[in-house]
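Encoded as structure tokens, the structure appears first; notes follow it.
The values are calculated or read from the model by the stated rules, or taken from the named source; none is laboratory data. Note that the structure is predicted; figures quoted are calculated from it, not measured. Methodologically, a virtual Cβ is constructed for each residue, glycine included, from the backbone with ideal geometry; neighbour enumeration extends over all protein chains shown.
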């Protein structure tokens, strides 16, 4: 039978504290250190975000309605990519930033279904100060501010937050979580995007994923691309929010670091805003939200002979009117794959 070791003390000294209290204090100290470390890590991540004045400053903007609206942009910036990485990703060596992806995400104020709307970059829109042109031309003319102003003026929806990721960042985020599982319906080959996929379910790594969301070498061109982008974004969100990533620090922390260093956000945006966006995207990917393309009116041409996507005026007005008022999107304006020839 084991006996506890006597607790001796010198004459006149106070009694020694019970060991349970000392252990409890040690646990509290450890917890405090962990909390401080987590807070410090989040501050570092927030500090690592790139920021710019991405939203319009003043001017004739839509009213600030209920709910929260994000403008998500995938740009073709090659910043930080050496020639070897450019060749691996099939990006080419063009300079500057142009838009490859434009999405509007609405998060309801009342806890309803979030909505993600793809805005084809070849959409024919009115660009303030520039006249009619493709949506991605707004970014080329005036960067994120003019793109946001163009989206606001053509939708009537006020943008609250902005997030942009370049080509290298997109591929790095995909690789950080070990790739993304996706089922490809038909062969996809596009030498310009360095893409060669066979039908079937498979794990796409960074270069393949980038080619999948960028290619327009399909029957429906830009419309097919926005569908691929939504499909991949849903699969990416599912992977990120699953135990394979959240329970694996060797994937979780590289993901957080890659995300913070890859994203460019508005001047007033912070990591907790991105966290709220992530929760909304999880709801969308799990089927608790709405995903759609802006109602499609047909194809047209610019004065220069370039093919453009024309919006359906009545349908798009209903869709964006619902988002501006934070009301449910009418089912009849939700664009499904069959309506686009998918």
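Some observations on this one:
- Every residue from segment 296-312 that is more than 26 Å from the chain's Cα centre (by Cα), touching a residue at least 12 places away in the same chain (Cβ under 8 Å) and either surrounded by 19 or more Cβ atoms within 10 Å (Cβ to Cβ) or part of a strand (DSSP E or B) (or both): 297, 298, 300, 307
- From the list 9, 61, 97, the lone residue that is at pLDDT below 75, within 30 Å of residue 279 (Cβ to Cβ) and assigned to a loop (DSSP other than H, G, I, E, B) is 97.
- Residue among 293, 259 that is touching a residue at least 12 places away in the same chain (Cβ under 8 Å), in contact with a strand residue (DSSP E or B) (Cβ under 6 Å, 6 or more places away or on another chain) and buried (at least 17 other Cβ atoms within 10 Å of the Cβ): 293
- Test: residue in segment 67-80 that is modelled with pLDDT under 75 and over 15 Å from residue 166 (Cβ atoms): no
- Conditions (1) part of a helix (DSSP H, G or I); (2) buried (at least 21 other Cβ atoms within 10 Å of the Cβ); number of the one not met by residue 146: (2)
Per-residue answers, yes or no, for (1) at positive phi; (2) assigned to a helix (DSSP H, G or I):
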residue: 245; (1), (2): no, yes
residue: 261; (1), (2): no, yes
residue: 269; (1), (2): no, no
residue: 282; (1), (2): no, yes
residue: 287; (1), (2): yes, no
residue: 314; (1), (2): no, yes
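- One residue from 179, 211 being more than 30 Å from residue 323 (Cα to Cα), surrounded by fewer than 21 Cβ atoms within 10 Å (Cβ to Cβ) and in contact with a strand residue (DSSP E or B) (Cβ under 7 Å, 6 or more places away or on another chain): 179
- Segment 182-200, subset in contact with a strand residue (DSSP E or B) (Cβ under 7 Å, 6 or more places away or on another chain) and crowded, with 16+ Cβ neighbours inside 10 Å, residue farthest from residue 216 (Cα to Cα): 182
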